[in-house]
Amino acid sequence: MILLVDNYDSFTHNIVHILSGAGYGCDVVQNDALHPEDVEGYRAMIFSPGPGRPEEAGMLPELAKRYLSRMPILGVCLGHQALALATGGRLFRLPDVWHGKTSLIRHAGQGIFKDIASPMRVMRYHSLAVEADHLPKAWQVTAVSPDGVVMAMEHRDYPVYGVQFHPESVCTAQGARLLLNFARQALAA
């Protein structure tokens, strides 16, 4: 069973729809209605997108710190940023806001990108991004946008991934496949 931490984003239920449509069980709990102990019993977590900064997202920062080494996690947009901050990374404000815009990203076709074409068109909704130069060495950057923004990262020691873009958006090519790759890998672990 996967726990989906809802950061008050309207796209959260797109993730649920994709996972449940493929037979994966998924419970949704809002970030401020959750205690870290409530996570026990789940085999994986997804941190949804959401508004604002990760530090303002209820229990999200605590969950990122506490469970990073204990279970597979996928962070989407705000969730991706929370994972970076939890390990000592930094965020910066983009010179241009990327709300409802697409980018072509390149990736190596491994991990959650298995069997996904590169380049890949992705939907972006963000004004903050992870600073590549201050990302701890525990992370490997696995995709970058043409404007040099970290679009995906993978932890070197744990099955933990972050994507800045929105795989649950219909405008992200093969986004459902990426989410299902995570679920398959996470629940097989």
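Filter the stretch 1-10 down to the residues that are buried (at least 20 other Cβ atoms within 10 Å of the Cβ) and either aromatic (F, W, Y) or free of Cβ contacts under 8 Å to residues at least 60 places away in the same chain (or both) and list them by number. Working first, answer last.
Just the residues of the stretch 1-10 that are buried (at least 20 other Cβ atoms within 10 Å of the Cβ), to begin with: 2-7, 9.
Those that are buried (at least 20 other Cβ atoms within 10 Å of the Cβ) and either aromatic (F, W, Y) or free of Cβ contacts under 8 Å to residues at least 60 places away in the same chain (or both): L3, L4, D6.
Annotation for the stretch 109-130: no member residue is touching a residue at least 12 places away in the same chain (Cβ under 8 Å), over 22 Å from I46 (Cβ atoms) and aromatic (F, W, Y).
Name the residues in the stretch 115-130 that are loosely packed, with under 15 Cβ neighbours inside 10 Å and in a loop (DSSP other than H, G, I, E, B), would you? Within the stretch 115-130, D115, A117, S118, P119 meet the criteria. Any residue that is of a type in the set (F, W, Y) and part of a loop (DSSP other than H, G, I, E, B) - is there at least one of those in the stretch 45-59? Checking the stretch 45-59: not a single residue is of a type in the set (F, W, Y) and part of a loop (DSSP other than H, G, I, E, B). Against the definition (acidic (D, E) and in a loop (DSSP other than H, G, I, E, B)), how does D27 come out, yes or no? In short, no.
Taking the criterion of being surrounded by fewer than 19 Cβ atoms within 10 Å (Cβ to Cβ), over 17 Å from I73 (Cα atoms) and modelled with pLDDT of 95 or more, no residue of the stretch 146-164 qualifies. Comparison of V39, V149 shows that the only residue that is over 30 Å from G25 (Cα atoms) and β-branched (V, I, T) is V149.
For the stretch 72-91, the tally of residues that are under 14 Å from the mean Cα position of the chain (by Cα) and either at pLDDT below 95 or not in a strand (DSSP E or B) (or both) stands at 11.
Once the stretch 109-149 is narrowed to residues that are within 14 Å of the chain's Cα centre (by Cα) and among the β-branched types (V, I, T), the residue that is farthest from P95 (Cα to Cα) is I112.
The values are calculated or read from the model by the stated rules, or taken from the named source; none is laboratory data. Just so you know, these numbers come straight off a predicted model, no measurement behind them. We place every Cβ from the backbone using ideal geometry, glycine too, and count neighbours over all the protein chains shown.
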